[in-house]
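See structure below.
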Amino acid sequence: MIEQWQKQGIISSEQAQKMSEDLRSTEKAARSNNFIVIISTIGAILIGLGAILFIASNWDELSDLTKILILAIATFGSHGLGYYLTYYKKNLPQVGAALLLLSILLFGASIFLIAQIYHIKANSDNLILIWLIGAVPMVYAYRSGAYAVLAATIFYAWVAFHFFASTGLDVSFVSLPIIFFSASAMIFGLGGLHYLMSGYDLVARAYRTLSVKVAMLSLFLLTFEAFSGFESHDYGDSLFGTQLYAIYVMAGIGLLAMLLQLMRKKGGKALEWFENGSGLFLSLLVLTYISLPGASDLYLYVFNLVFAILVIILIYVGIQREDMAIVNNGIFWTAAFIIAKYFDFFWDMLPRSIFFMAGGLILVGGSVFLERKRRELKKGFVK
Amino acid sequence: MRLRKIKHLPLIIVAVLWILLLAGFLGYKGYTARTGTEILLKVLPVDPRDMFRGDYVALRFEPNVMPQSKLIGSFNTITSGTTMYVSLKIDNGIAAPTTMQIRKPGEGLFLRGTVQGVDVQTIKLEYGIESFFVPEDKGRPIERSRDVYAKVAVDGSGRAVIKSLLVDGVEIK
């Protein structure tokens, strides 16, 4: 871009040189910052694991009170130190943020420790719910995208455990994509509302990015016969009878939130209408799927078609927003979709030798093509 | 000074909430363990392959699978997730289930459970006491023994907490 400006005579060669130098030093600083973030996050996780392992390996020797005290000191200590470094001293914000993240993990470990002391059922979803109640305020107290991702991940875990706890394993497994999709619709919708609150852009983006990833994974699974074929409804019946309300409530909240965001942002960008519109359409499709079970494999074809369209939408939105993360997401799912469908359609049709050779050629050729396109796009982005 | 106090508000809010959650959880279960009536529940044999998983022993009791004949009231409203109360009678110090119902019994000793599944003749329930955590490699004797009882504290609302296991007459906490 700087070279183009120089050629067009917008900037002089000295200015171009200075700009390039500044850009290089900024990039160097950013790399160094990223390095600190990665190292301190790994360090924080190691400390957390160490504390948990110490308690686990000395289970016999330590009294209940000692175990609780060790974890409580570690939890509140890492939180206090993280706060001190990030918001009070402000000299090591990345390390501080990693310690705050660690404190959420240790808070969860404390809950599970108390559960162990009282022999509470090992896979109880209520334990994850308590962890979630503790994690969500962190997002709003510190307005951090990383804590939003962790809180949303805990939410997904709670949803999965809740359904596993109240239905059989086979039922939950088959229904998991649709449950996770509804949960994603809710997080996507509520995440979008955060754009309306000042100072919450990072949180909004984190919620939206994660929910799109999970929704894509859910939809990807729904393109397979095991999850959305006619026979999957046999498994799903008992779930759809008892837990249907939760799926409706989550998707309903998502729909309302998306509508609310569109109504509040009158005259908003066409892209926002397009994004929320796609979300609304997908949520409605999923609600139709669970309300009107198919008497054939119709939904299987619908989900395959919708997934292919969605990948294109994702790449389009990524290009429009000049957001490489969204484009990468779209390209990843394009590749996954092609590989999965290749296996799906040609496994029985082709002789094995041709199947693998043709598959290998598609893989190599496809990956070279996609990577070239990805780089071209990245080059074209201003940011 | 005032501004500084507001500055620390996030820290204070999160710390207070976490203390409340941890202390509340600890106190809630501790209250049942301390004040609840102690009963003994016979642990039923479990397939050894499933029984010992990692650092906990999976337990099954008689009240986990209740015949529908012991149900008081309508069967139609019972689905997975329904809360039910199972009344207990004590015989020679061992608790055994008598009847079950959706409404909380007015008197007597009872367990509060959640329906996990309903089939033609039985209702499967869980009470949150189906795991017993043990140090690594300490689960084998429990797995092998057929004489296992769980010492359980049950409070006035039917909530239960395991206090210990009696394996061949030896108490394991």
> Once amide H atoms are built 1.01 Å from N in the peptide plane, which residues 5 or more positions from B:Tyr56, or in another chain, come under 5 Å H to H?
Replying inline: B:Val134
> Highest GNM mean-square fluctuation, chain B, Cα pairs closer than 10 Å: which of B:Phe110, B:Phe61, B:Phe75?
Replying inline: B:Phe75
> Taking the Cα centre of the stretch A:85-222 as the origin, how large is its charge dipole in debye, to the nearest 20, when only Lys and Arg (+1) and Asp and Glu (-1) carry charge on their Cβ atoms?
Replying inline: 420 debye
> Mind checking the dipole of the protein assembly as shown: about its Cα centre, +1 per Lys or Arg Cβ, -1 per Asp or Glu Cβ, Debye to the nearest 20?
Replying inline: 2080 debye
>> Placing +1 on the Cβ of each Lys and Arg and -1 on the Cβ of each Asp and Glu in the protein assembly as shown, which of A:Gly318, A:Ser175, A:Ala141 has its Cα farthest towards the positive end of the resulting dipole?
In response: A:Ala141
> Once the mean 1/r over all distinct Cα pairs of the protein assembly as shown is inverted, what Kirkwood radius in angstroms do you read off?
Replying inline: 27.3 Å
>> Charges on Cβ only, +1 for Lys and Arg, -1 for Asp and Glu, centred on the Cα centroid of the protein assembly as shown; of A:Gly50, B:Ile129, B:Gly156, which one is farthest towards the dipole's positive end?
In response: A:Gly50
>> Please list 3J(HN,Hα) in residue order for the stretch A:142-147, calculated via the Karplus relation 6.51 cos²θ - 1.76 cosθ + 1.60 where θ = phi - 60°; whole Hz, with x for glycine and proline.
In response: 10, 6, 10, x, 4, 5
> Which one of B:Thr83, B:Gly27, B:Leu11 has its Cα pushed farthest toward the positive end of the charge dipole of the protein assembly as shown, where Lys and Arg give +1 and Asp and Glu give -1 at the Cβ?
Replying inline: B:Leu11
> Can you list the lysines whose alpha carbon sits under 22 Å from that of A:Lys89, skipping same-chain ones fewer than 8 residues off?
Replying inline: B:Lys5, B:Lys7
> How long is the gain from A:Lys89 to A:Ser367 if the chain were fully straight, where each residue apart is worth 0.36 nm and the alpha carbon distance is subtracted?
Replying inline: 95.4 nm
> Gaussian network model of chain A, Cα springs within a sub-10 Å range: biggest mean-square fluctuation belongs to which of A:Thr86, A:Thr223, A:Thr26?
Replying inline: A:Thr26
> GNM, chain A, Cα, under 10 Å: largest mean-square fluctuation among A:Phe307, A:Phe188, A:Phe337?
Replying inline: A:Phe337
>> Taking amide H atoms as placed 1.01 Å from N in the peptide plane, list the residues 5 or more away in sequence, or in a different chain, whose amide H sits under 5 Å from that of B:Val65.
In response: B:Leu125
>> Rounding to the nearest 10 and keeping the result within 0 to 90°, find how far the Cα-based axis of helix B:9-35 lies from the longest principal axis of chain B.
In response: 30 degrees
>> If neighbour count is taken as other Cβ atoms inside 10 Å, put A:Met186, A:Met197 in order from fewest to most.
In response: A:Met197, A:Met186
>> Could you give each residue of the stretch A:66-82 its phi-based ³J(HN,Hα) in whole Hz, using Karplus coefficients 6.51, -1.76, 1.60 with θ = phi - 60°, and x for Gly or Pro?
In response: 5, 4, 5, 4, 4, 5, 5, 5, 4, 5, 6, x, 5, 5, x, 5, x
> Hey, what did the stretch B:57-132 get for relative contact order, percent, Cα under 8 Å, at least 6 apart?
Replying inline: 39 percent
> Considering amide H positions built from the backbone, and no H for Pro or chain starts, which residues 5 or more places from B:Gly117, or on another chain, come under 5 Å of its amide H?
Replying inline: B:Lys124
>> Apply the Karplus curve 6.51 cos²θ - 1.76 cosθ + 1.60, θ = phi - 60°, to the phi angles in the stretch B:79-91 and return the couplings in whole Hz, x for Gly and Pro.
In response: 9, 4, x, 5, 7, 9, 10, 10, 6, 10, 10, 9, 10
> When the helix-only estimate is applied to the protein assembly as shown (DSSP H runs of n ≥ 4, each -39,500 (n - 2.57), divided by the residue count), what is the mean residue ellipticity at 222 nm, nearest 500 deg cm²/dmol?
Replying inline: -22000 deg cm²/dmol
> the stretch A:242-263 to the stretch B:94-173: how many Å between their Cα centroids?
Replying inline: 38 Å
> For chain A, what's the relative contact order in percent, using C-alpha pairs closer than 8 Å and at least 6 residues apart?
Replying inline: 11 percent
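Coordinate-derived values only; no laboratory data. What you see is a predicted model, and the numbers here were worked out from it, not measured in a lab. No Cβ is skipped: glycine too gets one built from the backbone with ideal geometry, and neighbour counts run over all protein chains shown.
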